[in-house]
1. If you take the beta carbon distance between Arg412 and Asp303 as r and set R0 to 30 Å, what does 1/(1 + (r/R0)^6) give as a FRET efficiency, to the nearest 0.05?
2. Computed FRET efficiency, Cβ-Cβ of Lys162 and Ser375, R0 56 Å: what is it to the nearest 0.05?
3. Would you mind putting 316-328, 424-436 in packing order, based on average other-beta-carbon counts within 10 Å, highest first?
4. What is the magnitude of the charge dipole of region 339-455 about its Cα centre, with +1 placed on the Cβ of each Lys and Arg, -1 on the Cβ of each Asp and Glu, and no other charges, expressed in debye to the nearest 20?
5. Structure shown: which of Lys178/Lys231; Lys54/Lys237; Lys81/Lys244 lie over 27 Å apart, alpha-carbon to alpha-carbon?
6. Calculate for the chain the 222 nm mean residue ellipticity that helices alone would give, adding -39,500 (n - 2.57) per DSSP H run of length 4 or more and normalising by residue count, nearest 500 deg cm²/dmol.
7. Multiply the residue gap between Glu135 and Gln27 by 0.36 nm, knock off their C-alpha separation, and tell me the result in nm, one decimal place.
8. Just order 364-371, 270-277, 18-25, 389-396 by mean Cβ neighbour count inside 10 Å, highest at the front, would you?
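No value in this document is a laboratory result; all are computed from the given coordinates. Quick caveat: nothing in here was measured; it's all calculated off a predicted structure. Cβ atoms come from the backbone with ideal geometry, glycine included; neighbour counts cover every protein chain shown.
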Amino acid sequence: ASDAAEHDLVIIGGGVAGYVAAIKAGQEGLKTACIEKRGTLGGTCLNVGCIPSKSLLNNSHLYHQILHDTKKRGIEVGDVKLNLAQMLKAKDQSVEGLTKGVEFLLKKNGVDYIKGAGSFVDANTVKVDLLDGGEQTVRGKNILIATGSEATPFPGLNIDEKRIITSTGALAMEEVPKKMIVIGGGIIGLEMASVWSRLGAEVTVVEFLGQIGGPGMDAEIAKQAQKILAKQGIKFKTGTKVTKGDDSGALVSLSVESAKGGKEETLDADVVLVAIGRRPYTEGLGLENIGIDKDDRGRLVIDQEYRTKVPHIRVVGDVTFGPMLAHKAEEEAVAAIEYIKKGHGHVNYAAIPSVMYTHPEVAWVGQNEAEIKASGVKYNVGTFPFSANSRAKTNLDTEGVVKFIADAETDRILGVHIIGPGAGEMIAEATLAVEYGASSEDVARTCHAHPTLSEAFKEAAMATYSKPIHF
Ligand code: FAD
Ligand code: NAD
């Protein structure tokens, strides 16, 4: 169209991938437009993902701790009450502050933020159905697709976000359900199970595989996590698949059977959370107009420079390959802009941390033990329990362990797996070690402050190439 504004870069999607790319592009002097249809920036992560879930996890943990974990600390509390409306409000305020902050950053970096749904007209032209009505056309020398992902539905269960919910509904329930079933014991399932069980729901997690935690979590750590979460009151049915659901009655009923076949039973609940994974989202994007390929899981196919087969159209974040994580999306966004501007960028896919924000937290980076074993590499394992760490002991928070896996020949760290207090912060050190190609001895010979939880990290490294002092 003749009235179309010409940009160096048009970004479709204002999630973590899209907005970070927009800011970086603005910094690099590219004339940039960012199209987002949600009405707010930040995508899944800021609006209905990372941020609101961590708000509820933090505050439900505090509530649970005040109820169950104060007496032995010498704190006598009176009448403790849950004000769920206020807890949800606190969450909404965090989300609002952050999404507005992102909008400010886009403005500050000279990005045109266009509110509406974008779809390809041709390989350089995107038509936007504006949220305020009407249409706008933008043209880009480069286009970046960052349209993210959506919850994978469960066949036969109709999501209404009230009784049959995805994570989005689980972040906004106005009442604590009496009975809740979670289908899928991955990260979303376990984080949301933690929130609602702490607030008083009777929660059962049904997981198809023999272990919880989703892809990547080390089996030994997953086993400990399950034991600890079970002690907190969450019920688990692992090795169990849901075969069908029925939402016609007063309660939702699910038929489940052993994953190996056989024994069938029926489970009832007030609310069923479907958390069986997420899938790339490209609805209404008009991909058919430009002929970009998807793989068998709906992911947009790209090369190492994030290019589709139309080289000036690039893709980053959840809608393409790799783990569906906000920080992975951010790294890719920066790298993609660097490829456009300078011809080179950098993401080390071997050093992307994962964190599950339960209590205790679970975090890891690199390969797990089963993966290393399967690769045939000879390795050493070193572990150190938080029960032997002075700070964990003084904090009366001693559940968990740090586990290092290093190459037996070179001592290079291949993976670090942590379950324990503050694991999500501690994994940053492990990630740096992996990124720098450190050995377990490098970490062990680095001075760590006393008394800190990070000494457990150092001692696990000591245990890998030699012996720990305190265990
Ligand atoms: P998204 O965040 O999904 O953003 C894509 C955006 O594009 C959306 O806002 C969408 O409206 C917009 N869009 C799509 N199509 C169009 C179109 N045609 N026109 C205009 N706009 C369009 N990751 C972590 O790393 N840590 C966590 O703690 C964490 N917690 C999570 C908790 C939950 C409950 C969920 C669901 C996810 C969580 N994630 C977490 C994953 C994280 O949210 C995603 O990896 C991240 O949001 C991916 O960013 P993205 O920009 O690729 O996609
Ligand atoms: P997931 O892939 O992590 O876990 C899904 C689980 O459901 C798996 O364990 C799988 O075996 C199980 N499952 C699949 N079909 C099933 C069935 N029919 N019956 C029973 N179990 C079944 O997916 P998720 O937990 O939905 O999370 C989606 C994405 O969002 C992930 O990529 C995750 O990394 C990301 N996320 C990250 C965080 C975080 O970083 N803290 C938090 C939430 C979500």
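1. 0.60
2. My answer for the efficiency is 0.75.
3. Output ranking for 316-328, 424-436: 316-328, 424-436.
4. 240
5. Lys81/Lys244
6. Per the formula, -10000 deg cm²/dmol.
7. Stretched out fully, the Glu135 to Gln27 stretch lengthens by 36.1 nm.
8. 18-25, 270-277, 364-371, 389-396
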